1. Got a number for residues in the range 444-492 being part of a loop (DSSP other than H, G, I, E, B) and more than 20 Å from the chain's Cα centre (by Cα)?
2. Of all the residues that make up the range 129-139, how many are open to solvent by 60 Å² or more (accessible area, probe 1.4 Å) and in a helix (DSSP H, G or I)?
3. Could you tell me which residue of the range 68-89 is most open to solvent (accessible area, probe 1.4 Å), considering only residues that are touching a helix residue (DSSP H, G or I) at 6+ places or on another chain (Cβ under 6 Å) and among the hydrophobic types (A, V, I, L, M, F, W, C)?
4. For P43, state whether it is more than 24 Å from the chain's Cα centre (by Cα) and not acidic (D, E).
5. Checking the condition at negative phi and either open to solvent by less than 40 Å² (accessible area, probe 1.4 Å) or in a helix (DSSP H, G or I) (or both), which residue from S379, S350 passes?
6. Name the residue, out of A202, A182, that is assigned to a strand (DSSP E or B), open to solvent by less than 40 Å² (accessible area, probe 1.4 Å) and in contact with a Pro (Cβ under 6 Å, 6 or more places away or on another chain).
7. Which of (1) closer than 23 Å to R28 by Cα; (2) open to solvent by 40 Å² or more (accessible area, probe 1.4 Å); (3) of a type outside the set (A, V, I, L, M) does G100 not meet, given it meets every other one?
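The values are calculated or read from the model by the stated rules, or taken from the named source; none is laboratory data. What you are looking at is a predicted structure, and each value in this text was computed from that prediction instead of being measured. Counting neighbours? That spans all protein chains shown, and the Cβs are built from the backbone with ideal geometry, glycine included. Keep in mind that these areas ignore ligands, DNA and RNA; they rest on the heavy atoms of the full protein, side chains included. Shrake-Rupley method; radii C 1.70, N 1.55, O 1.52, S 1.80 Å.
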Amino acid sequence: MRAAEVADVLEEIGRLLEFQGGNPFKARAYRNAAQTLRTIEEPLVDVVAEGRLRELPGIGPAIAQKIEQLAETGSIPLHQKLLAETPIGVLELIAVPGVGPVRARAAYDALGIASLDELEAAATSGRLTEVRGFGERTVATVLAGLARTREYSGRFLGYEARGVAELLLARLETNPAVVRAAVAGGLRRRMETVHDIDLVAAANDPTAVIDAFVSQPAVAEVTARGDTKVTVRMAAGLPADLRIVPPRAFPFALQYLTGSQAHNTRLRGIAKRKGLKLNEYGLSPIATDGDDSLDCPDEAAVYGALGLPCIPPELREDRGEIEAAQAGRLPELIEIEDLRGVVHCHTVWSDGRGTIAEMARAAGERGYEYLVVCDHSRSAAYAGGLTAADLARQRAEIRKVNAGDPGCTVLAGCEVDILADGSLDYPDEVLARLDCVVASLHSRLGLPREEQTARVLKALENPYLDMLGHPTGRVLLRREGADLDIERVLDAAAARGVLVEVNADPHRLDLDWRWHRAGVERGVRFSIDPDAHGPETIDLLEGGVAVARKGGLTAGDVVNAGSLAEFEAALRRNRD
């Protein structure tokens, strides 16, 4: 089993334990272990085989034993026991924003609610307000959460789907019948969530390729099969489509299956005006039957035949990229190699899993010049938030680390909560002693648009605020972000010289890429940050760069693509 699949089981155990009223620390241990597994890059089977599970942060002997058991037998007795003792449908209830395990238990005990339909009926009838923990405001949140849960049904995080897709692609590429293969669709365009995996392969023997593809252990079900296309459902429930084309048609099929539909429609219009027809099989004169397709060895040649430079897959959304290409104004998108600093990292001082020295060493080993520690502020008690005295002691430790050989320079920052009234979680005299202040929304995300916007605008007025962290606070497929007037927030950030974060946590990817160019047009600069909670999660930066590319950002738009001196000069406190 893949690490992500095992993580899903561990997380489910944690939720079920909470629902049953078990030890909260034990439930949290399973969730923490799940979070760790989602960050490992190497195959879980190798980690298990080499006996290295217990070396991973947050995985003790008991949980390691269960992971080994799951990897070997496909199940964990504790998980099966909890499922058998829990009413069917409860897991769906727990996942609804505003519910969670504790409220799900209360609703079940009081009203016997064990399905989404029953929850909705109780919420709309007013009966749910009779249950402890469900006030009118919470019920409104639950109703909105139900709508989103149904909207999200059948969607998967791009980060998790990408891991499955890369495994499938690797196996395709080792098949001797396959000439070329690639991931296409929304994953290739780096969408934050996807419905399925799209793969395209060039081969002269489609049957042999399909036979090998469907025989993989990770394939749970073949849902459709034809001569050149097959659709399967993976063990984790994720659908995957494989299209097989003749080798000569591969560049056309890759372009077409990458999409988006709107982008492809525009390209077909350009082709038509040139007397050509474009589809997944080729690019040929309209007057012919399609057998005399132009010879295009790659996608760049396909775009070139239409009079365009090759448009990066991330930009293919019909959001101005074609006009930019026609005018020779396509941006030179940022690359992961452009980043020189790691900003917004948590350590064991709050809810991180690495010491300051360990985080610095990990950043240095990856070639980064500087690391900004940003543990939680005092109001975030749930995450071990630091008091002002804690911050002073942490700064002393940072000085000690820097005096040694940490591998990179460590800066003393903090992720400071934006309080309900828009003030920051520490007084100015505390903020003034920090190298970098990142302010984030972590509570009261359901405030009305005007009130929420005013709250953030007030925070932006603080002279010691350097960066707005994950601006909306969204959690993909689980929680909508705060309802903000983003244009007003970007205007204010630009006017006050406040940086805006592109949070690379695959569950956030916030600020949404659809707003990146609007920020650049206003003069806003961004910071691509991993929101790292352990040394290994520094590598989440790759996904942050991908979403920044999708937003059209260049290295010049991103402050941590600059040197330490350039980064420090870009901070608001050093620009006023």
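1. Looking only at that region, the number is 12.
2. 4
3. A71
4. Considered against the rule, which asks whether it is more than 24 Å from the chain's Cα centre (by Cα) and not acidic (D, E), P43 comes out as no.
5. The conditions single out S350.
6. Within the list A202, A182, the selection yields A202.
7. For G100, the exception is condition (2).
One line per residue, one yes/no per condition, for (1) in contact with a helix residue (DSSP H, G or I) (Cβ under 7 Å, 6 or more places away or on another chain); (2) within 21 Å of V342 (Cα to Cα); (3) at pLDDT 95 or above:
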site	(1), (2), (3)
Q394	no, yes, yes
I398	yes, yes, yes
D405	no, yes, no
L411	no, yes, yes
E415	no, yes, yes
D425	no, no, yes
E429	no, no, yes
V438	no, yes, yes
R444	no, no, no
